[in-house]
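Notes follow once the structure below has been shown.
The values are calculated or read from the model by the stated rules, or taken from the named source; none is laboratory data. For clarity, every value in this text was computed on a predicted model and none was experimentally measured. Note: ideal-geometry Cβ built from the backbone for every residue, glycine included; neighbour counts use all protein chains shown. We work out accessible area using only protein heavy atoms, side chains counted, and drop any ligands, DNA or RNA first. Shrake-Rupley method; radii C 1.70, N 1.55, O 1.52, S 1.80 Å.
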Amino acid sequence: MAIVRAQPDVTAATLADTLLAAGFPVSVRTAQRIRGDARELLAATTDGPVP
């Protein structure tokens with residue numbers, strides 16, 4: 001999530017490469033899902049006040 005927060009426009013391929021370098025080998029497809037989930041979570045935390 002930190003990668004997507006720091007680089008909101010990161011491509012799935014770049015995310016997969018970055019995760020591999022950090023010791024988390026994932027496919028580009030998995031990186032797409034991770035990126036999508038991270039974007040949703042980040043959007044949910046900035047949409048408004050937390051109850």
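Against the definition (open to solvent by 90 Å² or more (accessible area, probe 1.4 Å) and either aliphatic (A, V, I, L, M) or touching a residue at least 40 places away in the same chain (Cβ under 8 Å) (or both)), how does residue 20 come out, yes or no?
yes
Of the conditions (1) at pLDDT 95 or above; (2) open to solvent by 100 Å² or more (accessible area, probe 1.4 Å), residue 47 satisfies every one except a single condition; which number is it?
Just one mismatch for residue 47, condition (1).
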